[in-house]
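Readers should treat all values here as calculations from the given coordinates under stated rules, not as data from a laboratory. No experiment lies behind these values; they were computed from the predicted model shown. Don't worry about glycine lacking a Cβ; one is built from the backbone with ideal geometry, like all the others, and counts go over all protein chains shown.
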C-alpha cells in the first residue's frame with residue numbers, strides 16, 4: 001500500500017492549524033476566566049486589572065464604578081465617574097451606563113454633566129420607562145417641575161408598576177394635588193385608586209378627596225374594597241359630611257341602591273338586605289373563633305332579614321361586631337333602635353348594642369339593656385345626645401367578657417332592623 005506524501009502533508013498542516021486555534025482559544029478562555037476572577041475579588045486594584053483584560057466590555061468598568069461609588073467606608077466619586085466614562089466609551093448605546101454616570105455626577109453636586117448624561121441615556125433608549133423615571137426624579141430634585149412631570153407621566157404610562165413611587169416622589173417634592181392629577185397621573189381607575197392608597201397611608205384625606213372626585217367623574221365601576229383604606233382615613237379625621245357624600249357616590253358608581261328610607265335612618269343596610277361589604281360605611285364583621293355568623297332562615301321584624309350569631313361555649317368571648325361607623329352631627333339628639341332575639345345566652349354578661357365615639361375616648365358610651373337567657377324579638381332602643389366634637393358613631397353588637405368563674409359564652413343571638421334617626425328639636429321625635 002502506497003501513502004501519498006501530499007495527503008500526509010496536508011494532514012500535518014491541518015493538525016498544526018487546529019492546534020494553533022486551540023491554543024488561541026485556550027489562551028482567550030484563560031484570559032476571560034482570569035478577568036472574571038479578578039472582577040469577583042471586590043478589591044479595587046485587582047478588579048482594575050481584570051477590567052483591562054476585557055477591552056470593549058463596558059460592564060466591567062460599570063461594575064468597578066459602582067463599587068467605588070457605593071463604598072460606604074471610603075467612597076470615591078471621581079474614580080467612579082472615570083470608570084463610568086470608560087463604560088460608556090466601550091458601549092455608548094447603553095442607557096444603563098449613562099444613568100450610572102449621571103447618578104455619580106449628581107452625587108458630586110455637579111448637575112450640568114448629570115443632566116447631559118441623563119439626556120444621553122434617553123437618546124440611547126427613548127422608550128425606557130426606567131430612564132424616564134430616574135430622569136424625572138432628577139428634574140424634580142432640580143425643581144424643573146414641568147419637564148419632570150412629563151418624564152414621570154411617560155414612565156408610568158409605559159410601566160404602571162412605577163406609579164406608587166411616582167406618586168410619592170411627586171407629592172413630596174411639590175405637595176400640589178392639581179399638578180399630580182393633571183400632569184402625572186393617567187386618568188384611569190387604577191391610577192386614582194393607587195393615589196388614594198398613598199394619601200390614606202400618609203393620613204392626608206384632603207388631597208385624597210380631590211382624587212376621589214376625579215375617580216367618581218370617570219363614571220366607571222369602582223371596586224369598593226379598594227377604597228376602604230381611604231374611607232377609614234376619612235373616619236379617622238372626623239370628616240363625617242365628606243365621608244357620607246363620598247360613600248353615596250361610591251355606592252352609586254358600584255351600582256348599589258342608595259338605601260335611604262323615609263325615616264332618615266343613618267344606618268347603612270340596616271335591614272341586612274345585602275351581604276356585608278366589610279368596610280366603608282357598611283357593616284363590618286371579622287370571623288371570630290367560637291362565633292359563627294349567618295343570615296337566619298326566618299325573617300326578622302318589619303320586613304328585615306335577621307343576622308344570626310351562634311356561640312360555641314368554648315371561650316369567654318368579648319363581642320364587638322357586627323359594627324358600623326355612622327356619620328352624625330355634633331350636639332344633636334338621636335334615637336337608636338334595633339331588634340334582638342336570644343336563645344340560651346349564658347353568663348351574666350349578655351347581648352346588647354353599644355354606641356361610642358370612635359375618635360374621642362370616653363366622649364360617648366351608650367348601651368341598651370343586657371339580654372341573657374332566652375327572649376323573643378325585643379326592641380333595644382335609647383335616645384342620646386352627641387357631644388360637641390362627635391362626628392361619627394360606632395354602633396356595635398356588644399358583649400363584655402364575664403368576670404364569673406363559669407364564664408364561657410354559649411347560645412344564639414339574632415339581630416334585625418337597626419336604625420339611628422335624628423330627633424326633631426321641637427318634638428323630640430324622629431321625623432317621618
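Can you pull the percent of Cα pairs in segment 291-422 with separation above 17 Å? Mind dumping the intermediate values first?
Details: 4979 of 8646 pairs.
Tail of the P(r) past 17 Å holds 58 percent of the pairs.
Would you please give the FRET efficiency between residue 108 and residue 213, computed as 1/(1 + (r/R0)^6) with r the Cβ-Cβ distance and R0 = 51 Å, to the nearest 0.05? Let's see the in-between values first.
Details: r = 44 Å, r/R0 = 0.86.
According to the calculation, E is roughly 0.70.
Would segment 373-416 count as rounded, prolate or oblate if I go by the C-alpha gyration tensor, calling it rounded below 1.5 in a/c and otherwise prolate when a/b exceeds b/c, oblate otherwise?
oblate
Any idea how far apart residue 315 and residue 236 come out in nm if each label point goes 7 Å out from Cα toward Cβ?
2.6 nm
Rounded to the nearest 0.05, what FRET efficiency do residue 285 and residue 13 give with R0 = 60 Å and r taken as the Cβ-Cβ distance? Could you check? Present the calculation step by step, with values, prior to reporting the outcome.
On the way: r = 89 Å, r/R0 = 1.48.
That pair, residue 285 with residue 13, gives E of 0.10.
Find the relative contact order for segment 355-395 and round it to a whole percent, using C-alpha pairs within less than 8 Å whose residues are 6+ positions apart.
Details: 39 pairs, mean separation 22.7, N = 41.
Dividing the mean separation by the residue count of segment 355-395 yields 55 percent.
May I ask for the distance between the Cα centers of segment 280-317 and segment 326-352, given as a whole number of Å?
Rounded to whole Å, the Cα centres lie 14 Å apart.
Can you give the relative contact order of segment 264-350 as a percent, counting alpha carbon pairs under 8 Å and 6+ residues apart? Intermediate values should be presented prior to the final figure.
Working: 78 pairs, mean separation 24.7, N = 87.
So the answer I get is 28 percent.
Calculate, for residue 127 and residue 404, the FRET efficiency according to 1/(1 + (r/R0)^6) with r their C-beta to C-beta distance and R0 60 Å; round to the nearest 0.05. All intermediate terms of the calculation are to be shown ahead of the outcome.
Details: r = 72 Å, r/R0 = 1.19.
Once the sixth-power term is evaluated, E becomes 0.25.
On a full-extension model of 0.36 nm per residue, what is the gain between residue 188 and residue 85, subtracting their alpha-carbon distance, rounded to one decimal in nm? Mind dumping the intermediate values first?
On the way: separation 103, 0.36 × 103 = 37.08 nm, distance 4.12 nm.
Net length gain for the segment: 33.0 nm.
Full extension from residue 276 to residue 292: what is 0.36 nm times the residue separation minus their Cα-Cα distance, to one decimal in nm? List each step's numbers first, then the result.
Numbers: separation 16, 0.36 × 16 = 5.76 nm, distance 1.45 nm.
Length gained, residue 276 through residue 292: 4.3 nm.
Want the number for residue 175 to residue 157: 0.36 nm per residue separation, take away the alpha-carbon distance, what's left?
Numbers: separation 18, 0.36 × 18 = 6.48 nm, distance 2.14 nm.
Answer, rounded to one decimal: 4.3 nm.
Given points 7 Å out from each Cα along the Cα-Cβ axis, report the residue 248 to residue 74 separation in nanometres with one decimal.
That separation, rounded to one decimal, is 7.0 nm.
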